[in-house]
Amino acid sequence: MKKIVRRISILLLLGYVGTTLFLYFNQRSLLYFPTPIHPTSHPEMKLQNEGESINFIVLNEGNMDAIIYFGGNAESMALSSDEIARQFPAFTVYLMDYRGYGKSTGEPSEEALYSDALKLYDAIKSNYETISVGGRSLGSGIAVYLAAHRDVSKLALITPYDSILNVAQEMYPIFPVSYLLEDEYNAISMIKDIKAKTLIIMAENDTVIEKARTEQLINAFDEALLTVIMIENRGHIDISADERYYKSIQDFVTK
């Protein structure tokens, strides 16, 4: 019996170690889901950054105010472009293809996407009276970073998290995620540096970003800067199909 227990223990240990190694070496393929190239009728611009070509779709050119939007993990900016252009006609909107997504070259990583966000802001800042920033899901962490490091007019966060580290730890509770994860997107640590009025939109039935992760982020904000909206009967994916979704953002960025 002791030999059987010992063998089972060894197999369980080997399985645990093997799974841990798999998570470590494949973490970015589990975190990022690059989108393919899709056609768009809107103009595009490219910026060279750190040896890579970063593609941006530009909507509604010629306005005095701009929005920079960072999409969700598997959200194609080209496929979203028509709807976003229609919803925000008074703003020139910039949609960034993350590295390895759409027409952008390179491989995505936390530091790389932060760098690309700053590069875009600095390139367009002098062209506009105001620049607002929006981010959805994965993109909310990039939006928080940009708002903490640059002067932005408004900040809108859709289904955001306090950190990807905490999200991942909830998904893999028995593994030492804090020792494995390279891209932590520790958004909550940057909230103290944000001076912009901020809107957070939550989905009542979100099963991707748990409510506790968003609530931790909310608690880190100065209440005077923050507006929180809960969209009932919607989940992480279908929240944008609700008529209250765009209406809430429109009201926020235009007032």
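The values are calculated or read from the model by the stated rules, or taken from the named source; none is laboratory data. Note that the structure is a prediction, hence the values are computed from the model and not measured. Cβ sites come from the backbone with ideal geometry, for glycine too, and all protein chains shown count toward neighbours. All accessible areas refer to the heavy atoms of the entire protein, side chains included, with ligands and DNA or RNA removed. Shrake-Rupley method; radii C 1.70, N 1.55, O 1.52, S 1.80 Å.
Across region 44-70, the number of residues qualifying as open to solvent by 10 Å² or more (accessible area, probe 1.4 Å) and either farther than 22 Å from residue 115 by Cβ or not in a strand (DSSP E or B) (or both) comes to 8. Checking the structure you have, find out if any residue of region 83-92 is hydroxyl-bearing (Ser, Thr, Tyr), in contact (Cβ under 8 Å) with a residue 40 or more places away in the chain and on the phi < 0 side of the Ramachandran plot. No, region 83-92 has no match at all.
Any residue at all in region 24-38 that is surrounded by fewer than 12 Cβ atoms within 10 Å (Cβ to Cβ), part of a loop (DSSP other than H, G, I, E, B), out of contact with any strand residue (DSSP E or B) (no Cβ under 7 Å at 6 or more places or on another chain) and modelled with pLDDT of 80 or more? Yes, there is a match, as at least one residue in region 24-38 is surrounded by fewer than 12 Cβ atoms within 10 Å (Cβ to Cβ), part of a loop (DSSP other than H, G, I, E, B), out of contact with any strand residue (DSSP E or B) (no Cβ under 7 Å at 6 or more places or on another chain) and modelled with pLDDT of 80 or more. Anything in region 71-106 that is among the hydrophobic types (A, V, I, L, M, F, W, C) and either part of a helix (DSSP H, G or I) or open to solvent by 10 Å² or more (accessible area, probe 1.4 Å) (or both)? List them, or say none. Those that are among the hydrophobic types (A, V, I, L, M, F, W, C) and either part of a helix (DSSP H, G or I) or open to solvent by 10 Å² or more (accessible area, probe 1.4 Å) (or both): 74, 77, 78, 79, 84, 85, 88, 90, 91. Apart from one condition, residue 237 fits all of (1) surrounded by 14 or more Cβ atoms within 10 Å (Cβ to Cβ); (2) modelled with pLDDT of 95 or more; the exception is (2).
If I filter region 166-187 for residues that are open to solvent by 30 Å² or more (accessible area, probe 1.4 Å), under 26 Å from residue 66 (Cα atoms) and part of a helix (DSSP H, G or I), do I get at least one hit? No, every residue in region 166-187 fails to be open to solvent by 30 Å² or more (accessible area, probe 1.4 Å), under 26 Å from residue 66 (Cα atoms) and part of a helix (DSSP H, G or I). If the condition is being more than 11 Å from residue 198 (Cα to Cα) and either of a type in the set (Lys, Arg) or in a strand (DSSP E or B) (or both), then region 147-157 contributes only 150. Would you check which residues across region 189-207 are closer than 17 Å to residue 142 by Cβ and either aromatic (Phe, Trp, Tyr) or not in a strand (DSSP E or B) (or both) and list them? 189, 190, 191, 193, 194, 196 - these are the residues of region 189-207 that are closer than 17 Å to residue 142 by Cβ and either aromatic (Phe, Trp, Tyr) or not in a strand (DSSP E or B) (or both).
Being open to solvent by 60 Å² or more (accessible area, probe 1.4 Å) and at pLDDT 95 or above: is that true of residue 223 here? Taking the combined requirement at face value, the residue does not satisfy it.
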